[in-house]
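The values are calculated or read from the model by the stated rules, or taken from the named source; none is laboratory data. Quick caveat: nothing in here was measured; it's all calculated off a predicted structure. In this analysis, Cβ positions are derived from the backbone assuming ideal geometry, glycine residues included, and neighbour counts consider all displayed protein chains. Surface areas here come from the heavy atoms of the whole protein model, side chains and all, with no ligands, DNA or RNA. Shrake-Rupley method; radii C 1.70, N 1.55, O 1.52, S 1.80 Å.
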Amino acid sequence: MADDPFENMLAQMDRAEEYADVDHGVFERLKHPERTLKVTLPVRLESGEVEVFEGYRCQFDSARGPFKGGVRFHPSVTQREVEALAGWMTWKTALVDLPYGGAKGGVICEPKELTDQDLERLTRRYTEGIRRMIGPETDVPAPDMNTNPQTMAWMMDTYSMYEGHSIPQVVTGKPLEIGGTPGRVEATGRGVSLVTERLFEYLDRDLSDASVAIQGFGNVGSNAARLLDESGANVVATSDVSGAAYDPDGLDVAALGAHVDAGGLIEEYVAGEYRGNADGSGWDDPDAITNAELLTLDVDILIPAAVEGVITADNVDDLRASAVVEAANGPTTVAADEALSERDIQVVPDILANAGGVIVSYLEWVQNAQEFSWPLETVNAELERRIGTAFDETIEQYDTKDLPDLRTAAYTLALERTARAHEYRGLFP
């Protein structure tokens, strides 16, 4: 089950069905994506060679509004993964009460082996391939793994060229200069930080000096680390593909962030002789550990912020964190989930914990539609309000219905909201 994210998502739905007030016929409809497109993408690389890539776009459910979901570039992309991610996006937008359905896109490629020109050509070819599916009132892509504001700019430009005028609201996560919103880049990490703070308030524990291990130091993990560090938490470990850094006294998150922002790897940071400031302050001397060891550290909070399926039946018994906040999509298999629930380890599910990105994407889309922009303070305040409300509603569901875990509580809410939309709209024809 760990190998099939779609089966993992269906199992999460099945666990919530007995608690959710959803007609079984509607529930069965919610298990099937509306459509998935596979596209073949021949691209002339900068080297002069022509390489043929494969891409996908899945539109899972549109009962609550236009489809919404990211685009990822990664060697491990599969149709099943894209469909699972589109499903998770459906439940996420319903949980945080956005007028969206769920979608996801992906291209099978290794971005590190492609030049900037190669990536631009691949992005434009992919956008043309899915162009008939997307649109500002139909399906609105956003960044995901290995894509960024520049990727969204190329997608927006390609779509706009075919339409004959600029249409910024066809994608979100754009650069500020072409309709992006302040706060979007760090939004997912900010949401993870806010949810972690809310969890500690709910558990009546102090976040100050709480130890945190974050698997993954990309956009989400690094921003979550920075904001939790500013909140007084003690980030003791983090990682990337090269390995992990661990310091029980706390990492110098700012120094590590500067190193990674400059293109460095964590294994290089760990191997460095000195990581301090010019005046001799800020000494940071972490140990090198593996990504697998990071997951089993004795910490207050474990934040998986990399890929799906990392907490499994094989390693769950070795986990010693007292709480898990899922910054990645689908990082915990159902078997591992059940084991954590039996041990009373609170898991804040991905569809709540990492919803900050889609919340601010929605705010960007609204601003584009109105041709009006808001300051960063407004965006961050609205993010905090919306994700805080979703957290409170999930907790209320968990407590009042005496549910087995927070994931079941979140799914119950999301499934009921989506099912009600289906029931009101009926079945066409």
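Here is how the numbers come out for the structure above:
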item	result
Rounded if a/c under 1.5, otherwise prolate or oblate - the stretch 175-325, Cα gyration tensor axes	rounded
Selected from Asp285, Asp23, Asp337 as most flexible by GNM, with the chain as the system and alpha-carbon contacts under 10 Å	Asp23
Potential extension, Ala313-Arg425 segment - 0.36 nm per residue separation minus Cα distance	36.3 nm
Anisotropy class of the stretch 324-364 from Cα gyration tensor, a/c 1.5 cut	prolate
Principal axis dimensions, the stretch 208-268 - Cα atoms, whole angstrom, descending	30, 18, 17
Cα-only radius of gyration and Dmax that characterise the stretch 246-379, units Å	18.8, 52
Counting all C-alpha pairs of the chain, share separated by more than 33 Å (%)	32 percent
Residues of the stretch 358-429: accessible area per residue with a 1.4 Å probe, Å²	50 Å²
Spin-label model distance (nm) - Tyr162 vs Asp209, 7 Å beyond Cα toward Cβ	5.8 nm
Sequence ranges 263-269, 423-429, ranked by mean other-Cβ count within 10 angstrom, highest first	263-269, 423-429
Mean-position separation - Cα centroids, the stretch 24-70 and the stretch 370-416, in angstrom	27 Å
FRET efficiency for Tyr202 and Gln150, using Cβ-Cβ distance with R0 set to 25 Å, rounded to 0.05	0.05
Residue-averaged [θ]222 nm for the chain, counting only DSSP H segments that reach four residues, each worth -39500 (n - 2.57)	-13500 deg cm²/dmol
FRET efficiency, 1/(1 + (r/R0)^6) with R0 22 Å, evaluated for Lys112 and Thr389 via beta carbons	0.05
Near-label residues of the stretch 143-157 by backbone N, under 20 Å of a point 7 Å along Cα→Cβ of Glu51	144-148, 150-152, 154-155
The stretch 91-187 shape via C-alpha gyration tensor axes, a/c threshold 1.5	rounded
